[in-house]
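Take a look at the structure set out below.
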Amino acid sequence: MDIHVSTWSDLQEALFADSYQSRIQRFRSAFVFRGVPRVTHTLDTSLQTGGFIAHEKHLLTSFRKYAIGRAVYGDWIWNWLSLAKHHGLPTRLLDWTYSPYVALHFATENFREFDHDGAVWCVDYRKTNELLPKPLPSMLSSENANIFTTEMLMRVAKSLEEFDALGEEFVLFFEPPSLDERIVNQFALFSLPSSAKLSLEELLKKRESAWRRIIIPAALKWEVRDKLDQANITERVLFPGLDGLSQWLKRYFTTRK
């Protein structure tokens, strides 16, 4: 379902809608978020957009072989997959965040896209979890969790082939290890589909109650961007280091034309 907003206040209401949990009497959203600079951007993965689906196994195998000096904790396939995605290798993973404001940052970080409407995808992981095949729901229940960790994934599948054999057309969300400050500061997690070919967008459309997409009109982007900067949601924080600092300063001091 697409939700159109026209003001900053409307946007806040849409981002935090349905976040109140009466059982615990707290605001705890069950949504994860992904911001895109253009509403036309799909939820295709880098494997799909780059034409790399047939090479998924070889890409990851080669990455592990040549990146051995940067071995990850546990030497697990899911940690290696997270590391590869984090450094730009085409994978079946998509970046998401628990923070609606981090998602807004990625929808408004590029001034060259300010003539186009952007969007924030919001997915209810409780709804997508209802599609999970055995033994995945049991794993979540035993851990009293809603989101997987790489350790949990290793207990049910030690390879992509084993994972794909669990069932057809489902997606789960998992938290990667804290590879660096970027992962931590971006409040990041990944979506993991049951097949490299699976279209997440098509899957969600079969489960309308599981998602919504908030359309950010081009006319609102400058206000959103400036208010995010004032709230300290910037490259300096989300990409710690001199590169992030430079990106933030360059954008912050750009004159509106």
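Hey, what angle do you get for helix 77-86 against the long axis of the chain, alpha-carbon based, 0 to 90 degrees rounded to 10?
Result, in degrees: 30.
Placing unit charges on C-beta atoms (Lys and Arg positive, Asp and Glu negative, everything else neutral), compute the dipole magnitude of the chain about its Cα centre in debye, rounded to 20.
On the way: 32 positive and 32 negative charges, 55 e Å.
Approximately 260 debye in magnitude.
Farthest toward the dipole's positive end in the chain, which of MET154, ASN144, VAL224, given Cβ charges of +1 (Lys, Arg) and -1 (Asp, Glu) about the Cα centre?
Of the listed residues, the answer is VAL224.
Calculate, for MET1 and LYS65, the FRET efficiency according to 1/(1 + (r/R0)^6) with r their C-beta to C-beta distance and R0 51 Å; round to the nearest 0.05. Mind dumping the intermediate values first?
Working: r = 44 Å, r/R0 = 0.87.
Between MET1 and LYS65 the formula returns 0.70.
Calculate the spin-label point distance for LEU242 paired with GLN25, positioning each point 7 Å from the Cα along the beta-carbon direction, and give it in nanometres.
It is 5.3 nm.
Given a 1.4 Å probe, how much area per residue of the range 8-154 is accessible, in Å²? Kindly include the intermediate steps, with their values, before the conclusion.
Details: 7330 Å² over 147 residues.
Here the per-residue accessible area is 50 Å².
Heads up, I need the accessible area for LEU43: 1.4 angstrom probe, whole protein in place, Å², nearest 10.
LEU43 exposes around 0 Å² with every protein chain in place.
Can you give the alpha-carbon Rg of the chain over 2.2 N^0.38 Å, where N counts its residues? Intermediate results must be reported in sequence, preceding the final value.
On the way: Rg = 18.6 Å, N = 257, 2.2 N^0.38 = 18.1 Å.
Cα Rg divided by the expected 2.2 N^0.38 Å: 1.02.
Order LEU166, LEU11 by their accessible area, 1.4 angstrom probe, all chains in place, largest first.
From most accessible down to least: LEU166, LEU11.
Please state, rounded to one decimal and in Å, the Kirkwood hydrodynamic radius that the range 189-257 gives when every pair of distinct Cα atoms enters the mean of 1/r. Mind showing how you got there, number by number?
Details: mean 1/r = 0.0649 Å⁻¹.
One decimal place: 15.4 Å for the Kirkwood radius.
Viscosity 1.567 mPa s, temperature 4 °C: give me the Stokes-Einstein translational D for the range 1-133 in µm²/s, with Rh taken as the Kirkwood radius over C-alpha pairs. Could you put the intermediate results ahead of the total?
On the way: Rh = 17.3 Å.
In µm²/s, the coefficient rounds to 75.
So if each residue of separation counts as 0.36 nm, and I subtract the Cα-Cα distance between LYS227 and PHE16, what length gain in nm does that give?
On the way: separation 211, 0.36 × 211 = 75.96 nm, distance 1.68 nm.
Contour length minus Cα-Cα distance gives 74.3 nm.
With a cap of 13 neighbouring Cβ atoms within 10 Å, and only residues DSSP puts in a loop, list the GluC sites (Glu not before Pro) found in the range 163-195.
Details: sites: GLU168, GLU169, GLU181; in loops: GLU168, GLU169.
Loop-located and lightly packed - GLU168.
Taking the DSSP beta bridges in the chain as the whole, what percent of them are antiparallel, to the nearest 5? It would help to have the intermediate numbers written out before the result.
Numbers: 23 of 28 bridges.
The antiparallel fraction comes to roughly 80 percent.
Could you please put GLU143, GLU130 in sequence from largest to smallest accessible area, using a 1.4 Å probe?
On the way: GLU143 80, GLU130 110 Å².
Order by accessible area, largest first: GLU130, GLU143.
Enter the accessible area of ASP164 (Å², nearest 10), with the probe set to 1.4 Å and all protein chains included.
Rounded to the nearest 10, the figure is 60 Å².
Give the ranking of THR7, THR255 by solvent-accessible surface, highest area first, calculated with a 1.4 Å probe. All intermediate terms of the calculation are to be shown ahead of the outcome.
Numbers: THR7 60, THR255 95 Å².
Greatest to least solvent exposure: THR255, THR7.
Given only helices, namely DSSP H runs of n ≥ 4 each adding -39500 (n - 2.57), what is the per-residue ellipticity at 222 nm of the chain, to the nearest 500 deg cm²/dmol? List each step's numbers first, then the result.
Working: 14 runs with 104 residues, N = 257.
My calculation for the chain gives -10500 deg cm²/dmol from helical runs alone.
Give me the distance in nm between label points sitting 7 Å out from Cα along the Cα-to-Cβ direction at GLU202 and ASP115, one decimal.
For the pair GLU202/ASP115, the computed spacing is 3.3 nm.
Probe of 1.4 angstrom, ligands and nucleic acids ignored: what's the accessible area per residue over the range 211-254, in square angstrom?
Each residue of the range 211-254 exposes 52 Å² on average to a 1.4 Å probe.
Can you send over the carbon and sulfur percentage of the accessible area for the chain, probe radius 1.4 Å, protein chains only?
Values: 6760 of 13340 Å².
Of the solvent-accessible surface of the chain, carbon and sulfur hold 51 percent.
Find, among the trypsin sites (Lys or Arg not before Pro) in the range 201-239, those assigned to loop by DSSP (not H, G, I, E, B) with at most 15 other beta-carbon atoms within 10 angstrom. Please list the in-between numbers first.
Numbers: sites: LYS205, LYS206, ARG207, ARG212, ARG213, LYS221, ARG225, LYS227, ARG236; in loops: LYS206, ARG207.
Qualifying residues, ordered by number: LYS206, ARG207.
Roughly how tilted is helix 56-66, in degrees to the nearest 10 and between 0 and 90, from the longest Cα axis of the chain?
Roughly 90 degrees between the two axes.
Between TRP76 and SER209, what is the label-point separation in nm under the 7 Å Cα-to-beta-carbon projection?
3.1
In degrees, nearest 10, range 0 to 90: what is the angle between the Cα axis of helix 221-230 and the longest Cα principal axis of the chain?
Between the helix axis and the principal axis of the chain, the angle is about 80 degrees.
Restricting attention to the range 151-257, which chymotrypsin sites (Phe, Trp or Tyr not before Pro) occupy a DSSP loop and are surrounded by at most 12 other Cβ atoms within 10 Å?
Numbers: sites: PHE163, PHE170, PHE173, PHE174, PHE187, PHE190, TRP211, TRP222, TRP248, TYR252, PHE253; in loops: PHE170, PHE187, PHE253.
When the chymotrypsin sites (Phe, Trp or Tyr not before Pro) of the range 151-257 are filtered for loop state and at most 12 Cβ neighbours within 10 Å, PHE253 remain.
Exceeding 22 Å between C-alpha atoms, which entries from my cross-link table qualify? They are LYS158/LYS205; LYS227/LYS250; LYS127/LYS205.
On the way: LYS158/LYS205 30 Å; LYS227/LYS250 17 Å; LYS127/LYS205 12 Å.
Too far apart for the 22 Å limit: LYS158/LYS205.
The values are calculated or read from the model by the stated rules, or taken from the named source; none is laboratory data. Note that the structure is predicted; figures quoted are calculated from it, not measured. Cβ coordinates were reconstructed from backbone atoms using ideal geometry, including for glycine residues, and neighbour counts include every protein chain displayed. Calculation scope for accessible area: heavy atoms of the full protein, side chains included, ligands and nucleic acids excluded. Shrake-Rupley method; radii C 1.70, N 1.55, O 1.52, S 1.80 Å.
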